[in-house]
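*Asks:* Please see the structure below; I have some questions.
The values are calculated or read from the model by the stated rules, or taken from the named source; none is laboratory data. Values in this document were obtained by computation on a predicted structure and should not be read as measured data. So basically every Cβ, Gly included, is an ideal-geometry build from the backbone, and we count neighbours across all protein chains shown.
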């Protein structure tokens with residue numbers, strides 16, 4: 001009745017995200033269509049195909065004041081999650097480029113990025129993830145982790161750059 005897609009350890013992926021504050025207009029839908037119809041051909045197909053997920057927003061999350069938590073994108077209509085999958089090393093760069101170009105093409109229709117879809121290629125990740133909440137989060141970090149013990153790529157710093 002249901003198709004089960006088994007994931008193996010050989011599958012490699014790249015994810016990134018953005019938030020859509022309004023429903024997509026015809027131009028944005030055209031961009032989605034274009035990129036989904038032009039997924040890079042792969043030497044070795046992965047178990048899971050490259051895709052875009054539109055994760056619904058609203059509901060209870062939208063009723064919480066964006067300034068009361070780290071997540072400022074609470075009013076988003078949906079989160080756009082871009083996922084590129086490949087199995088052969090030679091397919092990696094083309095798939096990563098496809099994800100990057102896809103996200104960039106939709107930037108006029110989206111904002112920021114959802115912090116739980118970590119993307120090491122975001123040029124201004126702090127602003128993308130935290131927006132106007134960043135100064136407050138830096139103060140919290142400075143207070144509770146002044147020696148920056150919890151430090152990792154894209155962690156909140158103890159001072160603004």
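*Asks:* Applying the selection to the stretch 74-89, what residues are in a loop (DSSP other than H, G, I, E, B) and either in contact with a helix residue (DSSP H, G or I) (Cβ under 7 Å, 6 or more places away or on another chain) or modelled with pLDDT under 95 (or both)?
*Replies:* So the first thing to find is which residues in the stretch 74-89 are in a loop (DSSP other than H, G, I, E, B), and the list is 74-77, 87-88.
74, 75, 87, 88 - these are the residues of the stretch 74-89 that are in a loop (DSSP other than H, G, I, E, B) and either in contact with a helix residue (DSSP H, G or I) (Cβ under 7 Å, 6 or more places away or on another chain) or modelled with pLDDT under 95 (or both).
*Asks:* Hand me the list of helices (runs of 4 or more DSSP H) wholly inside the stretch 90-145 holding 3 or more residues that are within 30 Å of residue 44 (Cα to Cα) and in contact with a strand residue (DSSP E or B) (Cβ under 9 Å, 6 or more places away or on another chain). Before the answer, list the steps.
*Replies:* Details: elements: 92-106, 125-130, 134-144.
Those helices (runs of 4 or more DSSP H) span 92-106.
*Asks:* So residue 111 fits all but one of (1) under 18 Å from the mean Cα position of the chain (by Cα); (2) more than 29 Å from residue 159 (Cβ to Cβ); (3) surrounded by fewer than 18 Cβ atoms within 10 Å (Cβ to Cβ); what number is the exception?
*Replies:* (2)
*Asks:* Also, quick follow-up: Can you tell me which residue among 70, 61, 28 is touching a helix residue (DSSP H, G or I) at 6+ places or on another chain (Cβ under 7 Å) and part of a helix (DSSP H, G or I)?
*Replies:* Details: 70 fails: part of a helix (DSSP H, G or I); 61 fails: touching a helix residue (DSSP H, G or I) at 6+ places or on another chain (Cβ under 7 Å).
Only one candidate qualifies: 28.
*Asks:* Something else about it: Which of (1) touching a residue at least 40 places away in the same chain (Cβ under 8 Å); (2) closer than 18 Å to residue 119 by Cα is the odd one out, the single condition residue 32 does not satisfy?
*Replies:* (2)
*Asks:* Using beta carbons and a limit of 8 Å, which pairs, at least six apart or on different chains, have the first residue in the stretch 83-106 and on the phi > 0 side of the Ramachandran plot and buried (at least 20 other Cβ atoms within 10 Å of the Cβ) and the second one assigned to a helix (DSSP H, G or I) and modelled with pLDDT under 95?
*Replies:* If the second residue must be assigned to a helix (DSSP H, G or I) and modelled with pLDDT under 95, no pairs are left.
*Asks:* What is the number of the single condition among (1) under 18 Å from the mean Cα position of the chain (by Cα); (2) at pLDDT 95 or above; (3) part of a loop (DSSP other than H, G, I, E, B) that residue 49 does not meet?
*Replies:* (2)
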